[in-house]
1. For LYS245, state whether it is under 29 Å from LEU103 (Cβ atoms), of a type outside the set (Val, Ile, Thr), in contact with a Ser or Thr (Cβ under 9 Å, 6 or more places away or on another chain) and in the same structural domain as LYS162 (by TED's automatic domain parsing).
2. Quick check on this structure: which one of GLU181, GLU246 is more than 16 Å from ARG155 (Cβ to Cβ), surrounded by fewer than 14 Cβ atoms within 10 Å (Cβ to Cβ), within 28 Å of the chain's Cα centre (by Cα) and within 15 Å of ligand 1 (Cβ to nearest atom)?
3. Would you tally the residues in the stretch 12-54 being within 22 Å of GLU114 (Cα to Cα), of a type in the set (S, T, N, Q) and assigned to a helix (DSSP H, G or I)?
4. So which of ALA128, ALA135 is loosely packed, with under 13 Cβ neighbours inside 10 Å, modelled with pLDDT under 95 and over 17 Å from GLN211 (Cβ atoms)?
5. Can you name every residue in the stretch 211-234 that is over 19 Å from CYS183 (Cα atoms) and not hydrophobic (A, V, I, L, M, F, W, C)?
6. Give the residue, chosen from LEU28, LEU21, that is among the aliphatic types (A, V, I, L, M) and open to solvent by 50 Å² or more (accessible area, probe 1.4 Å).
7. If you go through the stretch 206-220 one residue at a time, do you hit one that is open to solvent by 70 Å² or more (accessible area, probe 1.4 Å), in a helix (DSSP H, G or I) and more than 16 Å from ligand 1 (Cβ to nearest atom)?
8. Which residue, of LYS173, LYS162, LYS168, is basic (Lys, Arg) and touching a residue at least 40 places away in the same chain (Cβ under 8 Å)?
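The values are calculated or read from the model by the stated rules, or taken from the named source; none is laboratory data. Computed from a predicted structure; not experimentally measured. A quick note on method: Cβ atoms are made from the backbone with ideal geometry, for glycine too, and the neighbour counts reach across all protein chains shown. Areas reflect the complete protein model, heavy atoms only, side chains present, ligands, DNA and RNA absent. Shrake-Rupley method; radii C 1.70, N 1.55, O 1.52, S 1.80 Å.
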Amino acid sequence: MTSAPISNQSNPAWSRDELVLALNLYLLHRNGLPGVNHPDVLALSQSLNLIGNATGVSKNQSFRNANGVCMKLNNFRRWDPSYTNNGRTGLAKGNKDEQLVWLEFANDPERLAEVVAAINANVQTIPASPIDLSAADDPGFFEAEEGKVLTRVHRVRERDKKIVKRKKEEALKQHGALQCEACGFNFSQTYGADVEGVIDVHHTKPLHTLQPGDKTKLADLALLCANCHRVVHSQRKWLSVAEVKERYQANLKQIQM
Ligand SMILES: [Zn+2]
Ligand SMILES: [Zn+2]
């Protein structure tokens, strides 16, 4: 058996998950960036390779090696006011997601650390878990700012057939019908009793709290029509069910005026 040829393609651009992990390390060592032999750099390189293997993008031996990690840490310099305020400039090169990730997380290192812990915990279990990072993204469902790993964990949880069935049974028992919790849409009333079960289930827990092995509770789930569920996931900063409901009601009022 011959081993797969090592590709000479250049390494792919850093994904959002990778940038989130790298920014966390950058902020920990902001005042003096670690070198290629630093244990934190090596640990990050290892995590990135786990993700790279799971997504199928780590085709080169040099994929996210210690050198690459150190380069990326340097890339964050140019977005860091505590560095550039002194008249220094960081490396000019880098991808534009660095700035977005910086803007979203750099001023909230606590939240960032929680997101990083959740990504790492879930990445460790990937080979044995139902999270498939190599599958194509669901069309219309935007990857969250917390990245692909936690987005996929969310999607796996809200598509768990058993818990979805129990959620619908509970709602039917309580309310006698399945209605969208954001807009009130009622499938059976509109289309007939035989389509009663046609409604999406959305997992409401914040992504940074998703730990592997957690049991989904019925209270963690919300029933949403396909439209409202799409709206929740229609941008990088996912909307809450309450926000979608508010928008729906505010616009409804305008239409009625
Ligand atoms: Zn709806
Ligand atoms: Zn959802």
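1. Against the criterion (under 29 Å from LEU103 (Cβ atoms), of a type outside the set (Val, Ile, Thr), in contact with a Ser or Thr (Cβ under 9 Å, 6 or more places away or on another chain) and in the same structural domain as LYS162 (by TED's automatic domain parsing)), LYS245 does not qualify.
2. None of the others qualify; the one that does is GLU246.
3. Of the residues in the stretch 12-54, 5 are within 22 Å of GLU114 (Cα to Cα), of a type in the set (S, T, N, Q) and assigned to a helix (DSSP H, G or I).
4. Exactly one of ALA128, ALA135 is loosely packed, with under 13 Cβ neighbours inside 10 Å, modelled with pLDDT under 95 and over 17 Å from GLN211 (Cβ atoms), namely ALA135.
5. GLN211, PRO212, GLY213, ASP214, LYS215, THR216, LYS217
6. When all the criteria are applied, what remains is LEU28.
7. Within the stretch 206-220, one or more residues are open to solvent by 70 Å² or more (accessible area, probe 1.4 Å), in a helix (DSSP H, G or I) and more than 16 Å from ligand 1 (Cβ to nearest atom).
8. LYS168
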